[in-house]
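J.: Have a look at this one.
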Amino acid sequence: MCGSVADLVTVRISSVGVSVCGRCGRRVSGLPRPQGVGLCGGQAPERRSGLKHWQFKGLLKLRQAGPSYTASPSDLAEQLGLTRGALSARLAFLAAAGLVIRTRDTADQRRVHVTLTPAGHLAFEQHTGSEGAGEDALLAALSARERATLANLLRKVVHSLENQ
C-alpha cells in the first residue's frame, strides 16, 4: 500500500509532472523493455549519476526537509523505515562521500543534526536530471497530448493505491 503523497517520488514526463509510488514502479519494472534500456529510458539511474537508490532516498528526505535541508537521525530513520543502527551505517557512508555532514546541537550536545552538503545537492540534482533525460527518450514516441493523458492516468493509479 502506498503512503502519503509526501512518500511519492515525482517523475518528470517532459513538462508534465507525474507522481508515481514505489509500488507502481515495481509493477512497471516487470514490463518488457528494449535491451539495455532502463526503466527511465536509459541506463539505471545509479549508473548515470553514481548514486545508489538508498543514497538517493536519503538525500531526497533531506531535500524534503526544506531550506535548512537538515533532519535528526531519528526522524530520517522513521521516514526511511530503517532502524537507527541501519541509518547510522548509511549516514557514515554518505558523510564519507561528502554528501551530508553530521553536527552536534549547540544547545544539547546529545542531539545530532544531519545536513545536506553542496556536494549532496549536486549529486541529487544530477540524479534527478539524468532520470528526466531518460524518461524523455523513453516517451519520445508520444505526442504532448498523449503524455498529458499518460500523466493523468498515472495520477489516477497513484490516488487509487493511496486509498486502499
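Only the coordinates and a few stated rules stand behind these numbers; no lab work does. In this text the structure is predicted, and so the values were computed from the model without any measurement. No Cβ is skipped: glycine too gets one built from the backbone with ideal geometry, and neighbour counts run over all protein chains shown.
J.: Taking the Cα-to-Cβ direction at LYS52 and at SER72 and moving 7 Å from each Cα, how far apart do the two end points lie in nm?
T.: 2.8 nm
J.: Under a crude label model (7 Å from the Cα following the beta-carbon direction), how far is GLU125 from HIS159 in nanometres?
T.: Using points 7 Å along Cα→Cβ, the separation is 3.4 nm.
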